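Enquirer: My questions will all concern the structure given below.
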Amino acid sequence: MIDLVLIAAGLLCLVWSSDRFIDGAAAIARHGGLSPLLIGMTIVSLGTSAPEIVVSIIASLSEAGSLAVGNAIGSNITNIGLVLGVTLCITSIVIDRQTVSRELLQVVCITLLVGALMLDNVLSQLDGLVLLAGLIVFLLFLAKSANETSAPEDAATPDLPIGRAWWSFSIGLIVLIVSSRMLVVGAVNVATSLGVSELIIGLTIVAIGTSLPELAATVVSALRGQSDIAIGAIIGSNIFNFLVVLAVPGVLGPLTLGPSVMLRDWPIALLLALAIAGLSWRALRATRHGSSHGELGRASGVLLLAIYVGYVAWLIVNPDTLS
């Protein structure tokens, strides 16, 4: 009974906190004169990626660097395949030409860089430093973008005072993370009591549970018409996962990787990065001539979800393959 209460309370708090979180983020963008995309790629993505960053640091310091690597790559697979896939099945997302030509291209290039660094199945200190150097370049790019872009007037953006906006954002983020944890704990306990194996629990409930902050924030922002925040959160989270979460075990390394990383996990991460970039480019080409915007819809979401479900099914059916 306690576990069911945890699940119900966690779900209610998740819905409430995601509303507050996105309200605050959108209002901060308006007050700061920044584009919603930039806010999504920075404070929203950093906030929702905070658990992954903390896990990576703790795992690396505990000499469990492989966990940190799996956390980074797995989170990126989940962000595009599950989070964006589910969001697009619920509602469409509007994208612009700049997002496809710059931000999504960055995700693909960084994913390729990670693959090149790990091609020898070793994540060395030099590899970690290269990733951190990439982070510096990315932050400089964001700073330059902040000076070049401004927040458009949008009736969907809540008109909150700046102090209340930061309060709404901070409280929303804290409750979002805590409520996600409540849901995971309750669901794991219920599954365990029903005799579900630890492997299945880890690959499903825990994996999805750690992505609940991103999922809730992305779905809510998309439903509210804040497509730039939604896509920005996914892009920013994936970039920070590779340039921060993956860099930590490298800097504290060297770390020898199992063959599954380059033969199974990284290719799926690259496939999904190429898929979202390709789908976005196709959506732009499908719009009327001269338009700088396109729309990703349910068909794109189904494709991304299918790739994710296929990957998870592969893990469940062949858990020890390539390990």
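Enquirer: Taking the chain as a Gaussian network, Cα atoms linked when under 10 Å apart, which of 190, 100, 130 shows the biggest mean-square fluctuation?
Expert: With Cα springs under 10 Å in the chain, the top fluctuation among 190, 100, 130 is at 190.
Enquirer: What does the helix-only formula give at 222 nm for the chain: each DSSP H stretch with n ≥ 4 adding -39500 (n - 2.57), the total divided by the residues, and the result rounded to the nearest 500 deg cm²/dmol?
Expert: About -22500 deg cm²/dmol.
Enquirer: Here's another thing I want to ask about it. Using a simple spin-label model with points 7 Å from Cα along the Cα→Cβ vector, what separation in nm is obtained for residue 194 and residue 139?
Expert: Simple spin-label model gives 4.4 nm for this pair.
Enquirer: Need the full-extension length gain, residue 223 to residue 129, defined as separation in residues times 0.36 nm minus the C-alpha distance. One decimal, nm.
Expert: Contour length minus Cα-Cα distance gives 30.0 nm.
Enquirer: Between residue 285 and residue 2, what FRET efficiency follows from the Cβ-Cβ distance if R0 is 45 Å, with the result rounded to 0.05? Could you put the intermediate results ahead of the total?
Expert: Working: r = 53 Å, r/R0 = 1.18.
Working from the Cβ atoms, E equals 0.25.
Enquirer: Under a plain spin-label model, where a point goes 7 Å from the Cα along Cα-to-Cβ, how far apart in nm are residue 318 and residue 11?
Expert: Here the answer is 3.6 nm between the modelled labels.
Enquirer: Let me ask another. Could the peptides 238-245, 67-74 be put in order, highest first, of the mean number of other beta-carbon atoms found within 10 Å of their residues?
Expert: Ranked by mean Cβ neighbours within 10 Å, highest first: 238-245, 67-74.
Enquirer: For a quick check, take a GNM of the chain with Cα springs below 10 Å and name the residue from 42, 192, 256 with the largest mean-square fluctuation.
Expert: The residue with the greatest mean-square fluctuation here is 192.
Enquirer: Where does the chain land on Rg(C-alpha)/(2.2 N^0.38 Å)?
Expert: For the chain, the normalised Cα radius of gyration is 0.97.
Enquirer: When only Cα pairs under 8 Å and 6 or more residues apart are kept, what is the percent relative contact order across the chain? Don't jump to the answer; show the numbers that get you there.
Expert: On the way: 509 pairs, mean separation 137.8, N = 323.
Relative CO of the chain lands at 43 percent.
Enquirer: Select from the chain the helices, each a whole stretch of DSSP H, whose alpha-carbon atoms run 18 Å or more along the helix axis and whose Kyte-Doolittle mean is at least 1.6; answer none if there are none.
Expert: Counting only whole DSSP H runs, the qualifying helices are 104-117, 298-317.
Enquirer: Sticking with this one: Between residue 113 and residue 63, take the C-beta separation as r, use R0 = 30 Å, and let me know the FRET efficiency to the nearest 0.05.
Expert: 0.70
Bear in mind these aren't lab numbers, they're just calculated from the coordinates by the rules spelled out. Remember, predicted model here, so these are calculated numbers, not experimental data. Neighbour counts are summed over all protein chains in view; Cβ atoms, including those assigned to glycine, are modelled from backbone coordinates with ideal geometry.
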